[in-house]
Amino acid sequence: MRFTKMHGLGNDFVIVEDFDLGLTNYAELAMGLCNRNFGIGADGLALLQPSEQAAFRVRIFNPDGSEAELCGNLLRCAGKYLYEKGHTGETVIPVEMYDKIKVLRLAVTDGVVQSVEVDMGEPILESDLVPVAGKRRQAVNEEVTASGEKFVMTAVSMGNPHCVIFVDETAAVPLETWGPALEAHPDFPKKTNVEFVEVRSRDEAAFRVWERGAGATLACGSGACAVLVAGVLSDKLNRKATLHLPGGSLEIEWRDDNHVYMTGPAAEVFRGELVTDEQFKNKYLRKGRA
Ligand SMILES: N[C@@H](CCC[C@H](N)C(=O)O)C(=O)O
């Protein structure tokens, strides 16, 4: 089984072409391949599949085996992969992810994808759709207690749930303690990604992220979109801003069409082949497949 290792600002993925491979048991496969000691190591397993509604379908499985509804950094990697590997000659690519179609716009020079803009869609703020518990219709600057601390958070779904918390200094955040406590907080019935944000100006902010099902990562594209939306709703950020993450920066814009657009780079790290034996084939390939 061939794979390609890619990353978007250090948010890394094992990418597998599953156009006719007939892979199965995705959750278990993700847990194995994403393991940094016993596997390849990644923040997610990505499967490229055929789609009936778009040019391609992309699925993302977290290292804990759960499937996520959206992954912004992966969509940029997928755009670069699909174009540079010759799966498409188009620079505008509609891609199906979970239950939505996302449109990727590639900036290409001499056949090399320099950056990708992704239409990440409309933010979802209704509490019951994020989902986040509580009586209010929207959870904007709401109190939540976790790990013995009181936080003021804004809950935003970009398809996947995010809990955005503004802090004075991201460096002072004990991410490994607060992150998991908020990720599994009972107020978030589908769990949540968590972003701790330091605003630098109305056009710039830095944040650290604890990802649902993955832990601390160097970047999160959907998280950056949620941060911008929470920043606008809290009157801290303009509708267009640069968001800095430990792995690099993203340009995010919440346009008048109510869609959030993310622009940033993607990179290939290496390609490899997984040595598969009969046991692997029986476990991870659908019956009757080679
Ligand atoms: N890193 C991604 C988000 C990946 C999914 C996330 N862990 C979840 O479970 O929602 C991004 O760039 O958006």
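Taken together, the values in this text are just the output of simple stated rules run on the coordinates, not laboratory data. Note that the structure is predicted; figures quoted are calculated from it, not measured. A quick note on method: Cβ atoms are made from the backbone with ideal geometry, for glycine too, and the neighbour counts reach across all protein chains shown.
At a glance:
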{"quantity": "Hz values of 3J(HN,Hα) by residue in the stretch 196-211 - Karplus curve (6.51, -1.76, 1.60), Gly and Pro given as x", "calculated": "9, 10, 10, 7, 9, 7, 6, 10, 8, 8, 10, 8, 10, 10, 10, 8"}
{"quantity": "Within the chain, longest stretch clear of exposed GluC sites (Glu not before Pro) (DSSP loop, no more than 10 other Cβ within 10 Å)", "calculated": "170-290"}
{"quantity": "Length-normalised contact order for the chain - Cα pairs under 8 Å, 6+ apart - percent", "calculated": "21"}
{"quantity": "Rounded to 5, the percent of DSSP beta bridges in the stretch 142-258 classed as antiparallel", "calculated": "75"}
{"quantity": "Rg/Rh for the stretch 142-258, where both radii come from Cα atoms and Rh is the Kirkwood radius", "calculated": "0.93"}
{"quantity": "Exposure proxy ranking, count of Cβ atoms within 10 Å, fewest first, for 147, 234", "calculated": "147, 234"}
{"quantity": "Value of relative contact order over the stretch 1-99, rounded to a whole percent, pairs C-alpha under 8 Å and six or more apart", "calculated": "25"}
{"quantity": "The chain: proportion of alpha-carbon pairs further apart than 34 angstrom, %", "calculated": "18"}
{"quantity": "Principal axis dimensions, the stretch 126-184 - Cα atoms, whole angstrom, descending", "calculated": "31, 20, 20"}
{"quantity": "Under the Karplus curve 6.51 cos²θ - 1.76 cosθ + 1.60, θ = phi - 60°, whole-Hz ³J(HN,Hα) for the stretch 11-23, x wherever Gly or Pro sits", "calculated": "7, 9, 9, 8, 10, 10, 6, 10, 6, 9, 6, x, 5"}
{"quantity": "Förster-model FRET efficiency, 30 Å R0, residue 279 and residue 67, C-beta, rounded to 0.05", "calculated": "0.80"}
{"quantity": "Beta bridges per DSSP with both ends in the chain, % antiparallel, nearest 5", "calculated": "80"}
